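Q: Right, I'll just put the structure down here and ask away after.
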Amino acid sequence: MSRFILYVFMAFTTAFVGTFWAARGFPVGSFNPVSIQPVQPTLTATFGDNSGEKKREKLVEEQLRNPENAKRNPLRADALQAATGFALSPCDKTMKASLVSATRAYAMAFAEIRNCNSMFTNCDTALDKNAATYSTPADLRVRAALHEAFEKGGISAADFPPELRMAVMSLANSQGDPVSACETSAQRERP
């Protein structure tokens, strides 16, 4: 019987000490005082730092000087002409077909670079170069014209192959609207 009382006393003492220790967060004393230093900031950018913008501007200037850039001028001219034509007459089926084919050709290189697999390679430089390639003044005019054409209605990402849809929507900065303004005005005139 005395053993049983001893075991019960040891169990209660262990439970009391364990609970007391746990309530304090399990502190462990250390004989070697560890010197704690304040955390040093590692962020190199500051508020208002526009070094990223300067880098993009430099890449755009490099693209303007690049001889490959001049080879894209016919694609730009075709896309700009087709987008402007469609924006002026969105009811014309030939204008839509012209816009689809010109935009498809224009977006082809953009889509190829966007297909970089980030699991196996670092795509940051390729994506930065691609953004700079499509940020020249001529490309900005084409992109604005594409946006205006897509906002007219009657053309959408569904008019393009699946592998180009994301590139076309990025370049046009719009998903478009498959319902043409011509169809809605014709429906309003019927009743």
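Q: Could you tell me which of the residues ALA97, ALA105, ALA87 is surrounded by 17 or more Cβ atoms within 10 Å (Cβ to Cβ) and at pLDDT 85 or above?
A: Step by step, each of ALA97, ALA105, ALA87 is checked, and only ALA87 is surrounded by 17 or more Cβ atoms within 10 Å (Cβ to Cβ) and at pLDDT 85 or above.
Q: Do you know which residues across region 59-69 are free of Cβ contacts under 8 Å to residues at least 60 places away in the same chain and surrounded by 10 or more Cβ atoms within 10 Å (Cβ to Cβ)?
A: Passing the criteria: GLU61, ASN66.
Q: Taking the condition of being within 20 Å of the chain's Cα centre (by Cα) and either on the phi < 0 side of the Ramachandran plot or in contact (Cβ under 8 Å) with a residue 60 or more places away in the chain (or both), how many residues in region 162-180 meet it?
A: Here the count works out to 13.
Q: Taking GLU68 as the residue in question, decide whether it is closer than 30 Å to ALA97 by Cα, assigned to a helix (DSSP H, G or I) and modelled with pLDDT under 85. Please lay out each step first, then the result.
A: Details: closer than 30 Å to ALA97 by Cα: yes; assigned to a helix (DSSP H, G or I): yes; modelled with pLDDT under 85: yes.
Yes, satisfied.
The values are calculated or read from the model by the stated rules, or taken from the named source; none is laboratory data. All values reported here derive from a predicted model rather than from experimental measurement. With ideal geometry, Cβ positions are generated from the backbone for all residues, glycine too; neighbour counts draw on all protein chains shown.
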